[in-house]
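These notes concern the structure reproduced below.
The values are calculated or read from the model by the stated rules, or taken from the named source; none is laboratory data. As the structure is a prediction and not an experimental result, all values here were calculated from the model. Because the Cβ atoms are built from the backbone with ideal geometry, glycine has one as well, and the counts that use them run over all protein chains shown.
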Amino acid sequence: MAVLGGIDEALGMTSLVPVPVEIRFLADVVGEAVTFAFVEAHAGQKLWVPRVRVDTSNLARSWGVDVARCLSEHFGGEKYQVPMLKAWRVRRLALMGYSYNDIVVRVGVSHATLHNFLFTLQDAVRAARIVPDERQLSLF
């Protein structure tokens, strides 16, 4: 988890794309990278969250005990509908260097919606997409 968190910090994601309030309780426990992966995998789905035997549940086996315990504290014994959080996902994927077409397919938004979500992050997205040529020597 430290490696994933390091990636977030290196990309400056925490300041550019803050975690939405709807899922911040999970990010505070397991970190932004794991929370993002969880939301990406289950956005819009209803998941059964156990109240007892949390550590041996399917949720714990799939996402780890920390995720399962955190969700159990908030929604134990109920179904939890994972929020879609399309704007957050679009912004994070763009800053990770994904192409617009890839983001449209993964998140399920139109190109127009994608551009609306990314309007305020244009410079950061452009910088994330620059792939340096390792063969080129630095001029500075």
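Some values worked out for this structure:
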quantity	calculated
Conditions (1) surrounded by fewer than 15 Cβ atoms within 10 Å (Cβ to Cβ); (2) at pLDDT below 95; (3) of a type in the set (Asp, Glu): number failed by Asp8	(1)
For Gln45: the one exception among (1) over 10 Å from the mean Cα position of the chain (by Cα); (2) within 17 Å of Arg106 (Cβ to Cβ); (3) polar (S, T, N, Q); (4) surrounded by 12 or more Cβ atoms within 10 Å (Cβ to Cβ)	(4)
Long-range neighbours under 8 Å by Cβ, at least six apart or interchain, first residue under 13 Å from Leu85 (Cβ atoms) within segment 31-49, second among the polar types (S, T, N, Q)	Glu32/Thr14; Gly44/Gln81; Gln45/Gln81
Check on Arg69, in contact with a helix residue (DSSP H, G or I) (Cβ under 6 Å, 6 or more places away or on another chain), closer than 22 Å to Gln122 by Cα and among the charged types (D, E, K, R)	no
Subset of segment 50-95 (residues that are on the phi > 0 side of the Ramachandran plot and of a type in the set (Gly, Ala, Ser))	Gly64, Gly77
